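Here's the structure, in structure tokens; my notes come after.
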Amino acid sequence: MFDKILLPTDGSEFSEHEVERAIKALSDDGEIIVLSVASKLEATTPFQRKKNIESLNEEFLKEAYENVDNMAKRFDGHVNVTKMVVVGTPADTIVKIAEDEDVDLIIISASGKSGLHKFFIGSVAEKVLRKSNKDVLLIHN
């Protein structure tokens with residue numbers, strides 16, 4: 001059993017499979033941190049309008065909050081859930097939060113699709129596996 005589990009979500013259907021594994025792995029008085037990382041775009045050419053980029057960034061942030069809220073709702077009231085939204089790059093941010101929060105386990109879904117793609121894990125999950133010093137449970141879909 002684990003006392004503190006980090007559960008990153010991108011809102012995809014695959015991340016929903018993480019919830020049942022987290023409940024099974026969590027100690028009775030443990031904590032689950034549900035994390036969503038919002039991307040942030042920067043203007044790279046003079047042709048990009050600042051207003052459009054700011055609007056997209058606001059949408060990314062809004063979506064991240066919705067992702068966290070939706071996943072947190074899947075836990076019953078007996079589970080200690082902390083919701084967290086951070087702006088950054090997904091893999092690096094997940095690894096940093098895992099270190100900062102001193103979690104015991106990261107549970108993350110692979111983004112298997114179809115055909116040859118099902119043999120490869122998603123780039124975010126793969127980077128987390130390579131970069132993190134924490135235990136990582138990879139959920140295959």
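The values are calculated or read from the model by the stated rules, or taken from the named source; none is laboratory data. This is a predicted model, so every value here is computed, not measured. Note: ideal-geometry Cβ built from the backbone for every residue, glycine included; neighbour counts use all protein chains shown.
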*Are any of the residues in the range 39-50 over 30 Å from Phe2 (Cα atoms) and modelled with pLDDT of 95 or more?*
no
*Among what's in the range 102-111 and is surrounded by 15 or more Cβ atoms within 10 Å (Cβ to Cβ) and over 12 Å from the mean Cα position of the chain (by Cα), pick the residue that is farthest from Gly30 (Cα to Cα).*
Ser111
*Which one of these is modelled with pLDDT of 95 or more and not aromatic (Phe, Trp, Tyr): Lys127, Lys96, Lys73?*
Lys96
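Are any residues in the range 1-15 among the acidic types (Asp, Glu) and modelled with pLDDT of 90 or more, and if so, which ones?
Answer for the range 1-15, where residues must be among the acidic types (Asp, Glu) and modelled with pLDDT of 90 or more: just Asp3.
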*Of everything in the range 47-101 that's surrounded by 15 or more Cβ atoms within 10 Å (Cβ to Cβ) and among the aromatic types (Phe, Trp, Tyr), which residue is nearest to Leu26 (Cα to Cα)?*
Phe75
